[in-house]
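Read the structure below first, then the notes.
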């Protein structure tokens, strides 16, 4: 049984301008100790997917359907009380912006102790010892002296460490990290990614890693979901995805990335912008921006199905296998020429 | 102070030992300066016509302050900035105005840098009006021309910024910077707020414009991939100092300063096989405060090659490595790529040799 299984998840927001289908038929599963990456541009629905799993969407205007099985048990639409028992305990989340997701008027020690005591019936002394242990584990120097400091007394990287400590304080089975390093500098990002990897080995948690950075995905994930305009367009093992990308959007993402490991005179840009989810294009949602667009793309939506070379590599594109393999090979030759 | 020698051609901008200190004051009426933030502390470089200089560094290293000093949005504390052979460091506002036509800026945040109450036509045309270039009709024609140049529809002349997406707004920012036909454009993190596919569009646009109008760029970014893509030469800054300046090929192929090495190895590679093979050099701790920077080499508390009694006592000057490549380090990297433990071992060698001699 998978730790988390998501089946045909759909989330829509009712707005004044109409219904925004923010997540449209997303399915995946995560095993214990595994890292699943979701990559895509802003507004593709990757964050909403996590918020829906955690049950954190506003009740007022959200409609969700599908299945979210947590250890085999349906949690989509469960009572808030049941969700609260899971959130922060078995399943926890690291948010993108450590500046706004910590409470500025409480010391970090108090916030960590609160996180422990919400789920464990322990004394404040025990909870505080646990908090201190975690602060040390995430590498906060002189943790004993800093536990009573307030969030503003920490730098961005240190704050993100506090966030990670808080997410790990109850030994979660699943850690959802929503762009955990986007707001950080590269050297700090390397520290945080290293830390997450180490903690994953130590605690054996599964990680759902959400990012727009293909580099971060390549370094951390085991399996990858590529999302575009609320839909999954490609899903594969990380090596296979980078070696044989099958979807024109994935090619576009890889081609538009300036990189250290190859010289590219001109970046291949994806023309235009992502579509509005209020009125997504008919057929394949990528068709207005796709350089390989055919007539069928404008009318029929491609199914997410196994690629020719490997049925576990899922992709949603009408192009024939030959063209896909040729383009993937071309892209690989262009970007990895120097890397060998 | 060592200046990176230019690789030939005509110098457009020469920056010599520029310093910018922000005072920290206490008291309401009798303000006393109690400390200084040494945001930029003695940076020198030259920039040739048609060249792109990339400036990289972590947040708080002084790269944006330096950019603002160059275009005189901030007055420098010390040092000299020469633009087209003319010292502009102490020019008055009035005599600075014609120079401002030659150097413009593109800002980071396309949401905050466009006035939401003004129409796009006004935003792009305002520099022309300020410098009294043309009649209203001429300004309008020019603005429509610019919109076309940056890949927007000239009919969008009367729209407001909120009607555009992030990438389109940044195109408006580019059009505004181009309006007065400048020689130098200082781009302060122009793509860091954009999605990758849109980022590629803007980077390609900037490259095309450079070819078309013979522009010179100073390109500030924290993303080393982006800097590598667009720059001819790159300057790495750490805590207000330039620690390494080199041509793009040299900097990325054979970095000399350990900080540059650490930065390069910290960038995640979009290639899982390659990524697994290498072990990144992970720096400990955070960038120290520029109010009270570490003694001598400012990188020494975090440096894997730190040698006690040398790096924290004597400040390294920018040492030339040939071909305009300079780096400020007592123990430059012998080769690249390098693993974390090799980097450490390499530095300890001279120290151990010394100890061996003494005993």
Practice problem: With everything on Cα atoms, drop me the angle between helix A:321-336 and the longest principal axis of chain A, reported from 0 to 90° to the nearest 10. | Solution: 60 degrees
Quiz item: So for chain A: antiparallel DSSP bridges make up what percent, rounded to the nearest 5?
Solution: 60 percent
Practice problem: Over 32 Å, how big is the tail of the calculated P(r) for the range A:4-224, in percent of all Cα pairs? | Solution: 18 percent
Quiz item: What does the average come to when, for each residue of peptide A:180-190, you count the partner chain Cβ atoms lying within 10 Å of its Cβ?
Solution: 6
Quiz item: Helix B:120-130: angle to the longest alpha-carbon principal axis of chain B, degrees 0 to 90, nearest 10?
Solution: 80 degrees
Quiz prompt | Highest average packing first - A:280-286, B:193-199, Cβ atoms within 10 Å | solution = B:193-199, A:280-286
Quiz item: Hey, got the average number of other protein chain Cβ atoms within 10 angstrom for residues in B:199-211?
Solution: 3
Quiz item: Using the count of nearby Cβ atoms within 10 Å as a rough guide to exposure, how do A:259, A:266 rank from fewest to most?
Solution: A:266, A:259
Quiz item: Got the relative contact order for the range B:113-181 handy, in percent, Cα pairs under 8 Å and 6 or more residues apart?
Solution: 47 percent
Self-check item: Net lengthening on full extension, residue A:330/residue A:153 (0.36 nm per residue, minus Cα-Cα)
Solution: 58.7 nm
Exercise. Please work out whether the protein assembly as shown counts as rounded, prolate or oblate from its C-alpha gyration tensor, where a ≥ b ≥ c are the square roots of the eigenvalues and a/c under 1.5 means rounded, while otherwise a/b larger than b/c means prolate and anything else oblate?
Key: oblate
Quiz item: Is the shape of the range B:221-319 best called rounded, prolate or oblate, per the rule: a/c under 1.5 gives rounded, else a/b larger than b/c gives prolate, else oblate, with a ≥ b ≥ c the square roots of the Cα gyration tensor eigenvalues?
Solution: prolate
Exercise. Counting other beta carbons within 10 Å of each Cβ, put B:299, B:107 in order, fewest first.
Key: B:107, B:299
Quiz item: Percent antiparallel among DSSP beta bridges with both residues in the protein assembly as shown, to the nearest 5?
Solution: 60 percent
Quiz item: How high is the relative contact order of chain A, given as a whole-number percent (alpha carbon pairs under 8 Å, six or more residues apart)?
Solution: 19 percent
Self-check item: Extended-chain gain in nm, criterion 0.36 nm per residue less alpha-carbon gap, residue A:123 and residue A:14
Solution: 34.8 nm
Practice problem: Would you please give the FRET efficiency between residue A:298 and residue A:198, computed as 1/(1 + (r/R0)^6) with r the Cβ-Cβ distance and R0 = 45 Å, to the nearest 0.05? | Solution: 0.40
Quiz prompt | At R0 = 22 Å, FRET efficiency that the Cβ-Cβ distance of residue B:317 and residue B:25 yields, to 0.05 | solution = 0.10
Quiz item: If you line up the long axis of helix B:340-358 against the longest principal axis of chain B, both from Cα atoms, how many degrees apart are they, to the nearest 10?
Solution: 40 degrees
Quiz prompt | Cβ neighbours within 10 Å from other chains - mean over B:272-284 | solution = 5
Quiz item: In what order do B:192, B:265, B:64 fall by count of nearby beta-carbon atoms within 10 Å, going from fewest to most?
Solution: B:192, B:64, B:265
Quiz prompt | Fraction of beta bridges assigned by DSSP in chain B that are antiparallel (%, nearest 5) | solution = 60 percent
Quiz item: In the calculated pair distance distribution of the range A:187-292, what percentage of Cα-Cα distances lie above 23 Å?
Solution: 39 percent
Quiz item: Of B:183, B:241, B:256, which is the most mobile in a GNM of chain B whose springs link Cα atoms less than 10 angstrom apart?
Solution: B:183
Quiz item: For chain B, what relative contact order do you get, as a whole percent, if you take Cα pairs closer than 8 Å and at least 6 residues apart?
Solution: 19 percent
Exercise. Grab the DSSP H runs of the protein assembly as shown that are 4 residues or longer, score each as -39,500 (n - 2.57), total them, divide by all residues and round the 222 nm result to the nearest 500 deg cm²/dmol.
Key: -10000 deg cm²/dmol
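None of the figures in this text is laboratory data; all of them are computed from the coordinates on show. Just so it is clear, the structure is predicted and the values come from calculations on it, not from any experiment. Cβ atoms come from the backbone with ideal geometry, glycine included; neighbour counts cover every protein chain shown.
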